[in-house]
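This report concerns only the one structure given below.
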Amino acid sequence: MAHKKSAGTTKNGRDSNPKYLGIKVAPGSLIQVGSILVRQRGTDILPGKNVSMGKDHTLFADKNGLVSLTYKRKVHFDNSVIKKKVMNVVPS
């Protein structure tokens, strides 16, 4: 029995497909109902007015309007304060 494989084998010959995450609509753009605003893993950007969140944390518009991005102060359980991004849709 050989202790080494003949012909080269590799242990790192795997790669996953791209997931196309990120902001899909820039703030200040006009959008329609159901438009996807952000694809994300976890809640990096929170849903605001007229924005809903899907089960995979995707943000989408509930109304036609103008996209805006604001910040919100959020207090953690250990009383540390962070600024979170909030995506809103202003009806037009």
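The values are calculated or read from the model by the stated rules, or taken from the named source; none is laboratory data. Source: prediction; values computed, not measured. Note that each Cβ is placed from the backbone with ideal geometry, even for glycine, and that neighbours are counted across all protein chains shown.
Taking the listed residues Val33, Val38, Val25, the one that is modelled with pLDDT of 95 or more and part of a strand (DSSP E or B) is Val38, with no other qualifying. Report the residue count in the range 47-91 for those that are hydrophobic (A, V, I, L, M, F, W, C) and more than 19 Å from Gln32 (Cα to Cα). The qualifying residues number 4.
Listed conditions (1) surrounded by fewer than 17 Cβ atoms within 10 Å (Cβ to Cβ); (2) part of a strand (DSSP E or B); (3) within 11 Å of the chain's Cα centre (by Cα) are all met by Thr43, apart from (2).
Just checking, does the range 17-34 include any residue being without any contact (Cβ under 8 Å) to a residue 12 or more places away in the chain and loosely packed, with under 10 Cβ neighbours inside 10 Å?
Initial filter on the range 17-34 (without any contact (Cβ under 8 Å) to a residue 12 or more places away in the chain): 17-18.
Now narrow it down to the ones that are loosely packed, with under 10 Cβ neighbours inside 10 Å: 17-18.
The answer is yes; a qualifying residue exists.
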